[in-house]
Amino acid sequence: MSSAIFLGQFLSPVLLTSQPGHEGLIFRVGALLAGLLGAALLAFSLRRAG
């Protein structure tokens, strides 16, 4: 668990720093990933309940 947290802290500036002229790209990618994570969690919870 600690390794995952520290790896996330290390990689987040690298992954979230936008290139000049591509400021909206990071928002779109983040929104897409949040939606995919939400859908995966919903599918997992429905699968476990059923």
### Message
Only one of Ser12, Ser3, Ser45 is at pLDDT 80 or above, surrounded by fewer than 10 Cβ atoms within 10 Å (Cβ to Cβ) and out of contact with any Cys (no Cβ under 7 Å at 6 or more places or on another chain). Can you tell me which?
### Response
Ser3
### Task
Go through the stretch 15-39 and count every residue that is under 12 Å from the mean Cα position of the chain (by Cα) and open to solvent by less than 90 Å² (accessible area, probe 1.4 Å).
7
### Task
Within the stretch 1-28, count every residue that is of a type in the set (A, V, I, L, M, F, W, C) and either outside any helix (DSSP H, G or I) or in contact with a Leu (Cβ under 9 Å, 6 or more places away or on another chain) (or both).
2
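The values are calculated or read from the model by the stated rules, or taken from the named source; none is laboratory data. Note that the coordinates shown come from a computational prediction; the quantities given were computed from them, not determined experimentally. Here the Cβ is made from the backbone with ideal geometry for all residues, glycine too, and neighbour counts use every protein chain on show. Heavy atoms of the whole protein, side chains included, go into the accessibility calculation; ligands, DNA and RNA do not. Shrake-Rupley method; radii C 1.70, N 1.55, O 1.52, S 1.80 Å.
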